[in-house]
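Worksheet: the structure to be examined is printed underneath.
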Number of protein chains: 2
Amino acid sequence: MPGSIFNQQGVFMKVAICGGTHGNELTGIHLVRRWQKTPSEIQRNGLELSTLIANPAAYQQNRRYVDNDLNRRFSLKDLNDPSLQSVEELRAKEINQILGTKESPKVDFIFDLHTTTANMGLSVIINSLDPLVKKAAFYIAQKLPDVTLFYQDSDRNSDNFLMSLAGKGGLLIEVGPIAQGLLRAEVFEQTRLAVMAGLDYLEMHLANEAPEVPEQLPGFQFVEKIKFPEDENGQLIGMIHPELQDKDYQPLNPGDPMYLLETGETVYYQGEPGLVPSFINEAAYYDQHHSMSLMKPITIKL
Amino acid sequence: MPGSIFNQQGVFMKVAICGGTHGNELTGIHLVRRWQKTPSEIQRNGLELSTLIANPAAYQQNRRYVDNDLNRRFSLKDLNDPSLQSVEELRAKEINQILGTKESPKVDFIFDLHTTTANMGLSVIINSLDPLVKKAAFYIAQKLPDVTLFYQDSDRNSDNFLMSLAGKGGLLIEVGPIAQGLLRAEVFEQTRLAVMAGLDYLEMHLANEAPEVPEQLPGFQFVEKIKFPEDENGQLIGMIHPELQDKDYQPLNPGDPMYLLETGETVYYQGEPGLVPSFINEAAYYDQHHSMSLMKPITIKL
């Protein structure tokens, strides 16, 4: 192997950057293509980099997925279930051979690049218990303005996210607001800078030159997805209330306007106080009539 | 026929409201459903109203279209061409039986409801030479704030828009910015108000009570669609420049930033001065790598 991929101590890490896990989120696809053309931008001492367009069939159709969401297909159980034969189930098994296998991974760390139609800015989603993964996220949060951290305890084998294939896990970079099926320069740049900062941290870590990151940072933990109002036939009968639209991460209190019904009536939040909404009016949630996710403020510890 | 659809003079008009001509533009679909449930909102003296979800197959898949753009399938030649058998070509022929035929139309006037990812506010597109159609558009422009009028001379038989099926033609209501695949309350309301104002005008016209509208109003005429920068393999290599993003209808002058290339370079506008961009970064344009339309300011005369 070429010497350049080793750091001074001969330690190295294998890192994969994935875009297009959802086929109509173009930002990650175009970043991956850019880095396939000019790999120097992602090269770092001690890191061996690979890139992947995760769901080219969905990208071809300009859809999130063809049969079902690729980013829920990576549990060990599903990867090993020969009866699962949808486009995305088969693609997950292919990716398991390319980056995994889950039981014996070829890569240590995955950056998975996503976008959202919600006004969430730059969010970094951590599914791994590994301190290095959390440290890389903390570094990104310190380096870039207005980063929001999501943390989810997760058992690697049952975790169904693509990034759970990596030995240490990885980070899902989620930037918005942006419509599906297009590029915006500022979203592209935020996503690029998040990956750059993450790669920088891994490089410095391997060289024993990583700067201190805090022992803990504030973040959010997923509580539940909630549904739009429906009629007796299960059809949508309301929209996000204009006063809630674009207010991701702002605490919801009982009595706050939540939905505007077709009838002109307002539905008010009646749930637990102190939770915050995220993914408000995310287009990809509409297939299940989900209107948003509710999150709980937490302290994330290394 | 029930008397309520006749005005005092016994004159009446048949009007159709169509949503979902593009299957992932949900605003029109949900407005049509609302009016199917509560038709009183669109009932007007002298008008016989019908509503139509134009492309349910595309809506089912949450895509603009299944095989090709339904809103380009309504020229008389194509409607009468038995060799055209795509999902949308067949659906156009069905709609021609429901609302047309183009040679002998069942409806006089069509409102066709669309949305755009571009920051275009409320635009009203007039394809008809009929003064009544222009007057209805002028009334909407006077009644609602910040309406932009598009006018296109068009020969009804060769016109391939859905609304060209109607005897007098119709108005395409185009509201943005909104991502595909979701609803926003303010876009929904703007679209609703535009249709309400249009119906009000038709009702008043039939009762000989229509208010004066100006003899002419400023608007825009389509000049051309222009393409994103591509590499030698035809792949996109640039994005809308941040300084141009969301600046629909603001004049472009030679030397204005237009695209930001992957390399970080800026491409400047080099075309004719005085044109204005519209549909900047419209998601539906990406399949052809179109970045925007250029429009010429014109005076629209009745």
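The values are calculated or read from the model by the stated rules, or taken from the named source; none is laboratory data. Just so it is clear, the structure is predicted and the values come from calculations on it, not from any experiment. When we count neighbours, we look across all protein chains shown, and the Cβ atoms used for this are built from the backbone with ideal geometry, even at glycine.
Checking the structure you have, find out if any residue of region B:52-71 is among the charged types (D, E, K, R) and more than 14 Å from chain A (Cβ to nearest Cβ).
No, because not a single residue in region B:52-71 is among the charged types (D, E, K, R) and more than 14 Å from chain A (Cβ to nearest Cβ).
Of the residues A:97, A:142, which is farther than 23 Å from residue A:287 by Cβ, without any contact (Cβ under 8 Å) to a residue 60 or more places away in the chain and away from chain B (no Cβ under 14 Å)?
None of the other options fit; the residue is A:97.
Quick check on residue B:147: is it more than 14 Å from chain A (Cβ to nearest Cβ) and either basic (Lys, Arg) or touching a strand residue (DSSP E or B) at 6+ places or on another chain (Cβ under 8 Å) (or both)?
yes
Is there a residue being closer than 30 Å to residue B:116 by Cβ and either in the same structural domain as residue A:24 (by TED's automatic domain parsing) or modelled with pLDDT of 95 or more (or both) anywhere in region A:203-213?
No: region A:203-213 contains no residue that is closer than 30 Å to residue B:116 by Cβ and either in the same structural domain as residue A:24 (by TED's automatic domain parsing) or modelled with pLDDT of 95 or more (or both).
Inspect region A:20-40 for any residue being more than 21 Å from residue A:180 (Cα to Cα) and not in a helix (DSSP H, G or I) and give the result as yes or no.
yes
Within region B:239-263, track down each residue that is facing chain A (nearest Cβ under 9 Å) and in a loop (DSSP other than H, G, I, E, B).
B:241, B:242, B:245, B:262, B:263, listed by residue number.
Looking only at residues in region A:163-175 that are of a type in the set (A, V, I, L, M) and in a strand (DSSP E or B), which one is surrounded by the fewest Cβ atoms within 10 Å (Cβ to Cβ)?
Applying the filter and picking the extreme gives A:172.
Looking for whichever is in contact (Cβ under 8 Å) with a residue 40 or more places away in the chain and more than 17 Å from the chain's Cα centre (by Cα) here; the options are A:244, A:261, A:182. Which one fits?
A:182
Inspect region B:228-246 for any residue being under 17 Å from residue B:123 (Cα atoms) and of a type outside the set (Val, Ile, Thr) and give the result as yes or no.
Yes - at least one qualifying residue is present in region B:228-246.
Out of the residues in region B:264-285 that are within 12 Å of another protein chain (Cβ to nearest Cβ) and in contact (Cβ under 8 Å) with a residue 24 or more places away in the chain, state the one that is surrounded by the most Cβ atoms within 10 Å (Cβ to Cβ).
Filtering region B:264-285 for residues that are within 12 Å of another protein chain (Cβ to nearest Cβ) and in contact (Cβ under 8 Å) with a residue 24 or more places away in the chain, the one surrounded by the most Cβ atoms within 10 Å (Cβ to Cβ) comes out as B:281.
Can you name every one of the helices (runs of 4 or more DSSP H) wholly within region A:48-143 that holds 2 or more residues which are among the aromatic types (Phe, Trp, Tyr)?
Where helices (runs of 4 or more DSSP H) fall fully within region A:48-143 and carry at least 2 residues being among the aromatic types (Phe, Trp, Tyr), they are A:131-143.
Check off (1) under 23 Å from residue A:236 (Cβ atoms); (2) surrounded by 23 or more Cβ atoms within 10 Å (Cβ to Cβ); (3) of a type in the set (D, E, K, R) for residue B:63 and give me the number that stays unchecked.
The single condition residue B:63 does not satisfy is (2).
Within region A:264-302, track down each residue that is under 23 Å from the mean Cα position of the chain (by Cα), within 13 Å of residue B:185 (Cβ to Cβ) and of a type in the set (A, V, I, L, M, F, W, C).
A:280
How many residues, within region A:131-160, are of a type in the set (Gly, Ala, Ser) and closer than 28 Å to residue A:80 by Cβ?
2
For region B:106-126, how many residues meet the condition of being more than 14 Å from every other protein chain (Cβ to nearest Cβ) and either surrounded by fewer than 20 Cβ atoms within 10 Å (Cβ to Cβ) or among the aromatic types (Phe, Trp, Tyr) (or both)?
Counting residues in region B:106-126 that are more than 14 Å from every other protein chain (Cβ to nearest Cβ) and either surrounded by fewer than 20 Cβ atoms within 10 Å (Cβ to Cβ) or among the aromatic types (Phe, Trp, Tyr) (or both) gives 4.
Quick one: would you say residue A:53 is under 24 Å from residue B:287 (Cα atoms) and hydrophobic (A, V, I, L, M, F, W, C)?
When the stated conditions are applied, residue A:53 passes them.
From the list A:227, A:296, which residue is surrounded by fewer than 20 Cβ atoms within 10 Å (Cβ to Cβ), of a type in the set (Lys, Arg) and either under 25 Å from residue B:32 (Cα atoms) or free of Cβ contacts under 8 Å to residues at least 12 places away in the same chain (or both)?
Of A:227, A:296, the one residue that is surrounded by fewer than 20 Cβ atoms within 10 Å (Cβ to Cβ), of a type in the set (Lys, Arg) and either under 25 Å from residue B:32 (Cα atoms) or free of Cβ contacts under 8 Å to residues at least 12 places away in the same chain (or both) is A:227.
Of all residues in region A:181-191, how many are at the interface with chain B (Cβ under 10 Å from one of its Cβ atoms) and assigned to a helix (DSSP H, G or I)?
5
Just to be sure before I move on: is residue A:178 assigned to a strand (DSSP E or B) and in contact with a helix residue (DSSP H, G or I) (Cβ under 8 Å, 6 or more places away or on another chain) in the structure I sent?
No: the conditions fail for residue A:178.
In region B:230-243, how many are crowded, with 19+ Cβ neighbours inside 10 Å and more than 21 Å from residue B:287 (Cβ to Cβ)?
Qualifying residue count, region B:230-243: 1.
So residue A:222 passes all but one of these: (1) more than 30 Å from residue A:12 (Cα to Cα); (2) outside any loop (DSSP other than H, G, I, E, B); (3) touching a residue at least 12 places away in the same chain (Cβ under 8 Å); (4) within 14 Å of chain B (Cβ to nearest Cβ). Which condition number does it fail?
It is condition (4) that residue A:222 fails.
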